[in-house]
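**Student:** Before we start, here is the structure in question, set down as structure tokens.
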Amino acid sequence: MTLTLFEKEHLVDNVWAFRFKPSEPLTWTAGQYVRVELSHENPDDQGTKRWFTNSAAPYEGILQITTRVTDTTFKQALFQLEIGSTSLQLIEAPEGDFVWQNSDLPIVFVAGGIGVTPFRSIIKQRIHDNQPVNVSLVYGSRTPEVPFKNELAEWMGADPSLKVHYLSGSPLTADALAAEIPTLNSSLVYLSGPEPMVEALGDDLKSHGLPEAQLKQDFFPNYDENNY
């Protein structure tokens with residue numbers, strides 16, 4: 001499917017949002033990801049294909065890629081696209097099970113940096129649909145400057161059942177999360193972020209008593225504790 005770039009926006013630091021209009025209707029469930037290809041000269045060993053969460057809400061009908069612009073050839077080629085470009089191609093339909101699950105348990109979203117993107121899609125869709133959010137989001141980051149902070153503030157104003165806890169400057173741990181969310185081990189926990197962080201924190205949460213059945217994980221490749 002052809003994607004036409006119609007907008008790109010600098011969010012914070014080296015994080016940008018790239019918004020594309022698909023050549024035909026694009027349907028997905030909030031929280032899912034897509035695979036895209038961007039042909040460019042002299043690609044590095046990571047190649048021309050990537051997976052990205054669609055950080056747009058499904059009602060918007062667009063593809064929004066929110067990412068850190070690093071020095072990989074793919075990210076540099078993406079950054080250099082001009083408005084109107086159709087170079088980016090959707091090569092695999094949206095998929096993934098990191099989506100909203102109705103539950104009688106309290107729901108906790110844990111985001112490590114750029115791992116906030118599926119949560120942005122899920123929350124924005126629920127706000128649009130006038131569905132209660134009833135979520136505690138713990139947003140961990142290297143610095144206090146994070147993407148979507150203004151939107152999250154607006155959504156908390158629209159729905160007080162959304163609570164956001166910001167933690168910056170130190171690694172996310174089970175103890176740090178429990179200090180913010182005392183009911184953590186009796187919650188359904190969604191964990192999204194750099195692959196090493198998600199693996200380590202997932203193990204830490206389970207060793208501190210969170211049942212494995214109450215943990216949903218979403219891994220972001222090519223990020224670590226230094227660049228998330």
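**Student:** Applying the selection to the stretch 1-34, what residues are outside any strand (DSSP E or B), of a type in the set (Ser, Thr, Tyr) and in contact with a strand residue (DSSP E or B) (Cβ under 7 Å, 6 or more places away or on another chain)? So that I can check it myself, show each step before the final result.
**Tutor:** In the first step, residues of the stretch 1-34 are kept if they are outside any strand (DSSP E or B); the result is 1, 13-14, 23-32.
After this cut, where a residue has to be of a type in the set (Ser, Thr, Tyr) as well, the list is 23, 27, 29.
Selection gives Ser23 alone.
**Student:** Here's a follow-up. Scan the stretch 178-213 residue by residue and report those that are outside any helix (DSSP H, G or I), among the aliphatic types (A, V, I, L, M) and either in contact (Cβ under 8 Å) with a residue 40 or more places away in the chain or outside the structural domain of Ser141 (by TED's automatic domain parsing) (or both).
**Tutor:** Those that are outside any helix (DSSP H, G or I), among the aliphatic types (A, V, I, L, M) and either in contact (Cβ under 8 Å) with a residue 40 or more places away in the chain or outside the structural domain of Ser141 (by TED's automatic domain parsing) (or both): Ile181, Leu188, Val189, Leu191.
**Student:** How many residues are closer than 22 Å to Val15 by Cβ and either in contact with a strand residue (DSSP E or B) (Cβ under 6 Å, 6 or more places away or on another chain) or among the β-branched types (Val, Ile, Thr) (or both) if we restrict to the stretch 153-178?
**Tutor:** Matching residues across the stretch 153-178 total 9.
**Student:** Only residues that are part of a loop (DSSP other than H, G, I, E, B) and at negative phi: list them for the stretch 150-177, please.
**Tutor:** Asp159, Pro160, Ser161, Ser170, Pro171, Leu172, Thr173
**Student:** For Asn150, which of the numbered conditions (1) surrounded by fewer than 15 Cβ atoms within 10 Å (Cβ to Cβ); (2) farther than 24 Å from Asp13 by Cβ fails to hold?
**Tutor:** Exception for Asn150: condition (2).
**Student:** How many residues does the stretch 98-134 contain that are surrounded by fewer than 18 Cβ atoms within 10 Å (Cβ to Cβ) and without any contact (Cβ under 8 Å) to a residue 60 or more places away in the chain?
**Tutor:** Here the count works out to 6.
**Student:** Right, something else. Would you mind stating whether Asp204 is among the charged types (D, E, K, R), under 25 Å from Asn134 (Cα atoms), in contact with a helix residue (DSSP H, G or I) (Cβ under 6 Å, 6 or more places away or on another chain) and modelled with pLDDT of 95 or more?
**Tutor:** yes
**Student:** Inside the stretch 35-89, can you point out the residues that are touching a Ser or Thr at 6+ places or on another chain (Cβ under 6 Å), under 17 Å from Pro147 (Cα atoms) and of a type outside the set (S, T, N, Q)?
**Tutor:** Residue satisfying the conditions is Ala57 alone.
**Student:** Count, please, the residues in the stretch 75-85 that happen to be crowded, with 17+ Cβ neighbours inside 10 Å and hydrophobic (A, V, I, L, M, F, W, C).
**Tutor:** Counting residues in the stretch 75-85 that are crowded, with 17+ Cβ neighbours inside 10 Å and hydrophobic (A, V, I, L, M, F, W, C) gives 3.
**Student:** Sticking with this one: Anything in the stretch 133-160 that is among the hydroxyl-bearing types (Ser, Thr, Tyr) and at pLDDT 95 or above? List them, or say none.
**Tutor:** Hits for the stretch 133-160 are Ser136, Tyr139.
**Student:** Is it the case that the stretch 54-74 has a residue that's surrounded by 15 or more Cβ atoms within 10 Å (Cβ to Cβ), more than 18 Å from Val99 (Cα to Cα), touching a residue at least 60 places away in the same chain (Cβ under 8 Å) and not hydroxyl-bearing (Ser, Thr, Tyr)?
**Tutor:** Yes, there is a match, as at least one residue in the stretch 54-74 is surrounded by 15 or more Cβ atoms within 10 Å (Cβ to Cβ), more than 18 Å from Val99 (Cα to Cα), touching a residue at least 60 places away in the same chain (Cβ under 8 Å) and not hydroxyl-bearing (Ser, Thr, Tyr).
**Student:** Moving on. Does the stretch 214-226 include one or more residues that are of a type in the set (A, V, I, L, M, F, W, C) and in a helix (DSSP H, G or I)?
**Tutor:** Looking only at the stretch 214-226, we keep the residues that are of a type in the set (A, V, I, L, M, F, W, C), and these are 215, 219-220.
Still in the running and in a helix (DSSP H, G or I): none.
Within the stretch 214-226 (the criterion being of a type in the set (A, V, I, L, M, F, W, C) and in a helix (DSSP H, G or I)), the answer is no, since none of the residues qualifies.
**Student:** With respect to the numbered conditions (1) touching a residue at least 40 places away in the same chain (Cβ under 8 Å); (2) not assigned by TED's automatic domain parsing to the domain that holds Gln125, which one is the sole condition not fulfilled by Arg50?
**Tutor:** (1)
**Student:** Here's a follow-up. Restricting the search to the stretch 43-53, which residues are within 22 Å of Gly115 (Cβ to Cβ) and either among the acidic types (Asp, Glu) or buried (at least 18 other Cβ atoms within 10 Å of the Cβ) (or both)?
**Tutor:** Matches in the stretch 43-53: Arg50, Phe52, Thr53.
**Student:** How about the stretch 64-103: which of its residues are basic (Lys, Arg) and either on the phi > 0 side of the Ramachandran plot or in a helix (DSSP H, G or I) (or both)?
**Tutor:** Lys75
The values are calculated or read from the model by the stated rules, or taken from the named source; none is laboratory data. Computed from a prediction, not measured in an experiment: that's the story for all the values here. We place every Cβ from the backbone using ideal geometry, glycine too, and count neighbours over all the protein chains shown.
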